[in-house]
1. Based on the Cβ-Cβ distance of residue 38 and residue 60, what FRET efficiency does E = 1/(1 + (r/R0)^6) give at R0 = 22 Å, to the nearest 0.05?
2. Based on the Kirkwood radius over alpha-carbon pairs, what value in µm²/s does the Stokes-Einstein equation return for the translational diffusion coefficient of region 8-61 at 25 °C and 0.890 mPa s?
3. Determine, for each peptide in 39-49, 20-30, the mean count of other beta carbons within 10 angstrom over its residues, then list the peptides with the highest first.
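Here, each number is a calculation from the coordinates, and none is a lab measurement. This one's a predicted model, so the numbers in the text were calculated from it and none came from an experiment. When we count neighbours, we look across all protein chains shown, and the Cβ atoms used for this are built from the backbone with ideal geometry, even at glycine.
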């Protein structure tokens, strides 16, 4: 029986699916979070299995997930930032 070949995705496709830049995809590969497959000197792909595993890990951490109706921020919101121009002025 033949072994199933992994589905390989282009960097631009992965960036589109994650809604991040291509540079961020390269960072994720460098961190080992996405599996890098080099087909040639200038041809790099990401395995679908590693992308699925990364998305499962992101969902488990409770970060933003595409398609949710309500996005929960990572940090609590304390209102608008105060700048030097606004500090000490009364309305």
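1. Here the calculated transfer efficiency is 0.15.
2. 221 µm²/s
3. 20-30, 39-49
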